[in-house]
Amino acid sequence: MKEHIIEEATKLFVQYGLKAIRMDDIAAQLGVSKRTIYEIFGDKENLIYECMNHYYDYLREEKEKLMAQASNIIEEFVLLFQNWEVETDVNYKLMMNLKRFYPNVYNKLMASHSHEGYESLKLKLQKGIEEGYLLKNVNYDLAISVFTYSIYGIISNQKAILPTNVSEKEAFKYVVTYFFRGISTEKGRQMIDAYLDKEII
């Protein structure tokens, strides 16, 4: 029952927004009493936390499936970039609504998923070094921090920091592309530039 509620409530939150969906809407959609949902989750904030964890676990699994198609770190980057571009709008709205209306849930999610994302990216970059596509003599802890804060700045404060003629997607593409290009070996840069020339990224 709990897993079913999380799955169906997640679909509603993603489609219509966290604030727009009420506990009554979820109960009606599932054909259960609102009391049952409260007994399982306590309150709406706990339900949202469970749903957002479920949603980001799903996204991570989908990314892993996508990256499994790549033969090296640069191909992974290209596939991930194309996937990120599709996801950005939905994720941006979700996270900004979460931050605005449910800050406690937002902070809790950021604390757990930011660490997971950091460790995952670090492992990917290590793989790229071993493959010969990324430079060895880079402070990757610092590089990941700068990269993460740059992306977060675009997503959360884009109107304040971007030039008027630059869209969020253009800024996102620029930061991601030139982050990877900047830490790439000559072999890696040649591959990225080939993708850029073909306008694949």
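The values are calculated or read from the model by the stated rules, or taken from the named source; none is laboratory data. This is a predicted model, so every value here is computed, not measured. Glycine also receives a Cβ, built like all others from the backbone with ideal geometry; neighbour counts cover every protein chain displayed.
The table below gives the values:
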| read-out | value |
| --- | --- |
| Test: residue in the range 16-38 that is closer than 23 Å to Gly117 by Cα, basic (Lys, Arg) and assigned to a helix (DSSP H, G or I) | no |
| Leading residue by the ranking (farthest from the chain's Cα centre (by Cα)) among those in the range 97-123 that are charged (D, E, K, R) and surrounded by fewer than 15 Cβ atoms within 10 Å (Cβ to Cβ) | Arg100 |
| Scope the range 7-57; condition free of Cβ contacts under 8 Å to residues at least 60 places away in the same chain, of a type in the set (Gly, Ala, Ser) and surrounded by fewer than 18 Cβ atoms within 10 Å (Cβ to Cβ); matching residues | Ala20, Ala28, Gly31, Ser33, Gly42 |
| Helices (runs of 4 or more DSSP H) contained entirely in the range 82-201, each with at least 1 residues that are of a type in the set (D, E, K, R), at pLDDT below 90 and within 30 Å of Cys51 (Cα to Cα) | 103-131, 140-161, 168-182 |
